[in-house]
Each structure stands twice: as C-alpha cells, then as structure tokens.
1. For B:Gly36, enumerate residues with amide H under 5 Å from its amide H, sequence gap 5+ or separate chain, H modeled in the peptide plane.
2. Considering only A:Thr86, A:Ile37, A:Gly10, whose Cα is most displaced toward the positive end of the charge dipole of chain A, charges sitting on Cβ of Lys, Arg (+1) and Asp, Glu (-1)?
3. Using alpha carbon coordinates only, what is the Rg to Rh ratio of chain A, with Rh defined as the Kirkwood radius?
4. Quick one: what are the phi-derived ³J(HN,Hα) couplings along region B:7-17, Karplus 6.51/-1.76/1.60 with θ = phi - 60°, whole Hz, x for glycine and proline?
5. For an R0 of 25 angstrom, estimate the FRET efficiency from the Cβ-Cβ distance between A:Glu4 and B:Ala66 and round to the nearest 0.05.
6. Could you estimate the translational diffusion coefficient of the protein assembly as shown from the Stokes-Einstein equation, with Rh from the Kirkwood formula over C-alpha pairs, at 25 °C and 0.890 mPa s, in whole µm²/s?
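Coordinate-derived values only; no laboratory data. Fair warning: this is a prediction, and the values are worked out from it, not measured in the lab. Cβ atoms come from the backbone with ideal geometry, glycine included; neighbour counts cover every protein chain shown.
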Protein chains: 2
Amino acid sequence: MTTELSNLFGYPAAFLTTIAFVPQAWQSWRTRNLAGISLPMYTLFTLGVALWLGYGIAIGSLPVIAANSITLLLASVVLWLKIAETRRIALLRKIEPPT
Amino acid sequence: MTTELSNLFGYPAAFLTTIAFVPQAWQSWRTRNLAGISLPMYTLFTLGVALWLGYGIAIGSLPVIAANSITLLLASVVLWLKIAETRRIALLRKIEPPT
C-alpha cells in the first residue's frame, strides 16, 4: 500500500489516541472522582508513554516526541490524582477501619 | 542513534501501553464501577486504536497489528461498559428525575 494511503490511517490515529486523554484528565481534575480508574493501568501506561517519548528522541521523530509529550502530561495528571485518592482512602481506613 | 538502542525504548514502550489496559478492563468488568471513566476519552481512544490497526494493516506491520488488536479489544470492553452505565443512569433519571 502507498505511504499516502497508510498516512490516511496514521495521522488521524495519532491525533485521536493523543487528544483522547484531554477529556479524561479534565474530568478527573474537575470531579476528583477517580473511583473507576485503575491505578495499575495508569502506572503502566504513563511509564510506557515515557518510553515512547524516549523512542521518539532516539529515532529523532518530531511527531512521536510531540504526541507522547502531550499524552505523558495528561496521563501523569490522572495518575497523580489517582495516587492522591488512593493515599487519602488508605489514611481514612487507618483512622476509621472498615467494619 | 542506532536501531538497537532505539528498540530498547520501543519494545518495552509498546508492551507497557498495550498491557496497561488489562488491569483497567478487568477492574471495570469486575466492579462495574465506571464513575471516574470519561466516555469521550474511550470513544476517541477506541476509534484511534481502530485506525492504528488500519495503519498496521496498511504498512503490513505485524507488531502494530498485534498490539493494536489487543488494545482495541480491551478499550472496547471499557467503552461498552461505560455506554451501558450511561444508558442505565439516563433511564433511572427518566423514571426518577433528580430534585
């Protein structure tokens, strides 16, 4: 298949999987409701995106660097809020253990 | 930078961002708690991953096809559960509108 045809998939794919984290980070930040969010997911994902950024730097690809910098920032926000929530719950359980 | 060195980033990056969705899909399936999950995020992300799969097919890359097939399946589970929860809440609001 030609490069032009594959780019028809590649560019919107990169755009969508990058901007997808905008509504998630915004919702998590605004509501502070992290109940359904998986801590292991955001731990693995944020680490993975940081490695993608390293890959982009290694191969010198500006689109890979740009997309993964944005995703790294947004995923880090969600991860940070989730860690804060997990610590808050752990602290509350220490004060008032569940019966 | 050499290809070997960039692959040191690329392969673990692809592995982590793919398997990250396993704990999220599992938690969402098990708990049915989708409260903190953003519907726009999973809509955009699932569509984006489907396009990445199309890209993988277009360039004939087996690793891209494999990784995105797994992510597409896992992200679809979360999206499907979120849609089900959103419809359930909308139905409940119709029966009993919030005061």
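1. A:Ala35, A:Gly36, A:Ile37
2. Sorting the options by dipole projection puts first A:Thr86.
3. Expressed as Rg/Rh, it is 1.14.
4. Per-residue couplings from phi come out as 5, 4, 8, x, 5, x, 4, 4, 4, 5, 5 Hz.
5. It comes to 0.55.
6. 137 µm²/s
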